1. If I go through region B:317-338 residue by residue, how many of them are surrounded by 15 or more Cβ atoms within 10 Å (Cβ to Cβ) and not in a loop (DSSP other than H, G, I, E, B)?
2. Name every residue in region A:55-80 that is over 18 Å from B:Phe118 (Cα atoms), under 18 Å from the mean Cα position of the chain (by Cα) and surrounded by fewer than 19 Cβ atoms within 10 Å (Cβ to Cβ), in order of residue number.
3. Can you tell me which residue within region B:339-377, out of those that are of a type in the set (Ser, Thr, Tyr) and within 27 Å of B:Lys397 (Cα to Cα), is surrounded by the fewest Cβ atoms within 10 Å (Cβ to Cβ)?
4. Of everything in region B:286-299 that's out of contact with any helix residue (DSSP H, G or I) (no Cβ under 9 Å at 6 or more places or on another chain) and surrounded by 18 or more Cβ atoms within 10 Å (Cβ to Cβ), which residue is farthest from B:Val355 (Cα to Cα)?
5. Go through region B:349-389 and give me each residue that's at pLDDT below 90, over 17 Å from B:Asp269 (Cβ atoms) and among the β-branched types (Val, Ile, Thr).
6. Looking at region A:247-305 only, could you name the residues that are part of a helix (DSSP H, G or I), of a type in the set (Phe, Trp, Tyr) and either open to solvent by 10 Å² or more (accessible area, probe 1.4 Å) or out of contact with any Lys or Arg (no Cβ under 8 Å at 6 or more places or on another chain) (or both)?
Amino acid sequence: MTMPQLEHGDAGPAGDVMQTHVERAPAAKTAGERVVVLEAGRAESNYWRDLWNYRELFLILAWRDVAVRYKQTAIGVAWAVIRPLTTMVIFTIIFGRLAKLPSEGATPYPILVLAGMLPWFLFSSILGDASSSLIGNANLIGKVYFPRIILPASTAVVALVDLAINLVVLLTLMAFYGFLPGWRIALLPAFIAFAVVASLGPALLTAALNVKYRDFRFIMPFLLQIGLYVSPVGFSSSVVPDGWRLLYSLNPVVGVIDGFRWCLLGGESPLYIPGFVGSCVVAGLLAWLGVAYFRKVERTFADVI
Amino acid sequence: MIRADGLGKAYMIGHAVERDRYVALRDVLAGAARAAIGRIRDPARGPGVSGGESIEAFWALKDVSFEVRRGEVLGIVGRNGAGKSTLLKVLSRITEPTRGRVEIRGRLASLLEVGTGFHPELTGRENIFLNGAILGMTRAEIRRKFDEIVAFAEVEKFLDTPVKRYSSGMYVRLAFAVAAHLEPEILVVDEVLSVGDAEFQKKCLGKMQDVAGHGRTVLFVSHNLSSVRSLCNRATMLDRGRVAYNGGVEDTLANYLAEMKTTHMACDDLGARPREGHFGERGRILGVKINSDQALAHGLPAEFEISYSVQSPIEGIAFSLGFSTPDGAKVMCIDTDIPGPRFRLRPTKQSKVRVSIDRMHLAPTEYILSAAIRSGDNFLIDYIPDALSVTVMPSAKTPAVIALRTTGHGGVRYPCSTEVNVPASLNDAVRNDQ
């Protein structure tokens with residue numbers, strides 16, 4: 001009768017220990033036992049592998065944020081839809097009707113706005129939520145070890161869920177206008193990935209700075225509001241005079257939005273290559289800077305938070 | 001296996017800006033601007049310290065070396081502020097050591113608090129997975145132990161209820177149940193057994209003994225000496241950040257008790273202790289001294305001297321001292337305004353107030369002394385929940401039966417007078433006795 005017990009591995013404490021030993025002993029022989037050395041200022045040599053080991057925690061924290069976000073909200077998912085839709089209507093009226101800014105080719109203005117709105121909301125919610133993610137999880141940071149980068153990074157998952165919902169809204173609207181996206185939409189995942197990288201760079205910076213300087217929680221909403229008007233959300237970036245376009249594209253969000261429009265608007269919105277490359281370079285630099293700064297200060301988070 | 005070599009951990013304490021541990025960017029900018037202007041005005045002065053504050057290092061751990069071999073269960077004892085929690089934080093990688101190094105072989109999980117990361121909106125089932133992952137279990141591992149955890153916590157019926165609707169007992173049971181099913185090679189535990197009711201505590205202790213008995217390495221911090229005694233096979237005593245004693249459990253505990261009894265009837269470093277919230281901003285307790293360093297004895301008068309500083313004028317002030325048992329039950333309070341006047345305090349760097357009682361009624365054993373400055377009936381200016389661990393000693397006035405045994409006699413023995421003529425049956429008993 002001991003056989004089924006051993007197979008299940010939950011035959012009380014003794015069975016459990018037997019099993020864990022059987023599992024781990026060979027690994028310890030071959031790969032060498034897991035040794036951690038803690039020392040002042042010691043750079044974690046296998047930082048990325050360590051991060052990979054914590055992938056389950058990353059997923060579960062992301063799942064927690066998603067679950068909590070849609071629990072106990074009366075209209076749940078509708079929130080993810082209402083916000084971009086209202087902004088879209090207002091921007092269409094102000095920029096399209098009142099200011100009479102040109103659209104991209106034959107694109108209906110609401111679709112132009114919504115196609116810019118999706119990446120903007122992705123960017124701004126990652127940046128906004130990630131900045132406060134460390135402060136919001138201060139109790140975790142003070143009580144358990146895990147690579148701290150998981151917290152800001154997991155906010156990206158929540159933003160991506162919202163994006164998926166918004167994409168459905170956009171596709172519905174496009175169907176309504178009888179406007180087809182074409183083959184380029186297949187490249188959308190690549191641009192979404194680019195958007196996530198472009199948002200996480202500054203997000204890691206602000207998240208880390210927010211631990212030390214709490215003023216950032218006042219600065220962030222302000223910065224995001226400026227960003228909404230400075231970036232080509234309510235208008236097409238082609239309205240920027242040619243001489244200024246490269247400089248304008250140094251804002252990585254410009255590259256992100258242009259990329260989304262190029263994918264979604266089916267060739268009506270040509271990609272301005274020098275500007276897009278510029279955006280990519282700036283986004284890459286910011287991502288590098290964000291990760292480097294975050295890694296430098298994350299070891300002291302528990303002491304200051 | 002754990003090997004620590006010359007471990008040290010320093011915290012920086014700024015004396016002027018103590019109310020918040022974090023800095024506001026505005027202060028840094030203002031400080032930099034002030035320093036720049038200062039340099040223009042007075043180039044000889046050199047770089048000023050930002051905002052005029054003085055920064056000082058506080059060594060929570062200093063030169064700590066020890067070794068824990070595989071399968072050992074090491075108890076760590078020491079009074080509040082001895083550095084136990086800091087040591088556990090360093091070992092669990094939450095904070096980085098300032099000096100020295102630690103080598104850890106094997107998968108380490110730490111349990112500094114039960115229910116870390118529990119989310120009130122999520123159900124019991126969801127929280128088991130969340131909390132398990134936070135403590136370092138894999139999903140497969142949690143799934144495998146899920147039924148066991150639920151049975152241990154006795155919450156089967158409420159698995160799909162959000163934990164915000166749980167009673168505090170259920171909440172704690174669930175939290176501990178998840179933690180108790182951790183199976184790392186090295187387990188670091190901080191005083192988590194002091195949760196729940198007595199019966200559940202017994203169950204937890206049993207579970208811990210199970211874990212310790214199965215060849216796993218355990219580091220266990222506790223104030224509860226009897227659980228250290230029953231769980232550990234070796235113990236280390238920390239004192240002000242250093243290893244004060246290291247050896248067998250009984251020897252270490254004897255040392256710890258002796259230490260608690262002989263020294264530290266005073267502490268003068270309370271000013272530097274971190275505070276919660278706004279405590280200590282307007283008035284601050286700097287130190288407490290008992291009986292001019294004489295032992296505190298049961299049945300005899302006692303005197304407490306509180307030194308304090310005042311930053312801005314405060315009114316309606318009273319000083320309070322509270323005695324709690326090591327497991328947190330407050331058993332005696334002294335308030336200078338009950339009965340007595342309240343004071344108006346002007347700013348001062350250091351002043352003292354002396355409080356005396358005519359007789360110490362608390363039974364001889366260990367207590368934790370808390371100190372507070374209060375304004376009016378319930379506004380706290382400063383509060384230190386664990387200022388000092390004190391031991392009340394037996395005196396010539398203590399009946400032998402109490403002096404010899406510390407348990408089973410309650411916290412306070414009150415003198416009484418007895419009349420023996422009221423109930424008839426008792427009367428008979430007395431007569432029979434004669």
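1. Result for region B:317-338: 12.
2. Within region A:55-80, A:Arg55 is the sole residue that qualifies.
3. Step by step, filter region B:339-377, then rank; the result is B:Ser356.
4. B:Gly299
5. B:Thr365, the sole residue that qualifies.
6. A:Tyr248, A:Phe260, A:Trp262, A:Phe276, A:Trp288, A:Tyr293
Each row is one residue, and each column tells you yes or no for (1) more than 26 Å from the chain's Cα centre (by Cα); (2) facing chain A (nearest Cβ under 7 Å).
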{"position": "B:Leu91", "(1), (2)": "no, no"}
{"position": "B:Ile94", "(1), (2)": "no, yes"}
{"position": "B:Glu113", "(1), (2)": "no, yes"}
{"position": "B:Thr116", "(1), (2)": "no, yes"}
{"position": "B:Leu122", "(1), (2)": "yes, yes"}
{"position": "B:Gly136", "(1), (2)": "no, no"}
{"position": "B:Arg139", "(1), (2)": "yes, yes"}
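Every residue, every condition in (1) within 11 Å of chain B (Cβ to nearest Cβ); (2) surrounded by fewer than 22 Cβ atoms within 10 Å (Cβ to Cβ); (3) on the phi > 0 side of the Ramachandran plot; (4) outside any helix (DSSP H, G or I), yes or no:
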{"site": "A:Asn139", "(1), (2), (3), (4)": "yes, yes, no, no"}
{"site": "A:Arg148", "(1), (2), (3), (4)": "yes, no, no, yes"}
{"site": "A:Pro152", "(1), (2), (3), (4)": "no, no, no, no"}
{"site": "A:Thr155", "(1), (2), (3), (4)": "no, no, no, no"}
{"site": "A:Ile165", "(1), (2), (3), (4)": "no, yes, no, no"}
{"site": "A:Thr172", "(1), (2), (3), (4)": "no, yes, no, no"}
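The values are calculated or read from the model by the stated rules, or taken from the named source; none is laboratory data. These numbers were taken from a predicted model, which means no experiment stands behind them. Positions of Cβ are generated from backbone atoms using ideal geometry, with glycine treated the same way; all protein chains shown enter the neighbour counts. All accessible areas refer to the heavy atoms of the entire protein, side chains included, with ligands and DNA or RNA removed. Shrake-Rupley method; radii C 1.70, N 1.55, O 1.52, S 1.80 Å.
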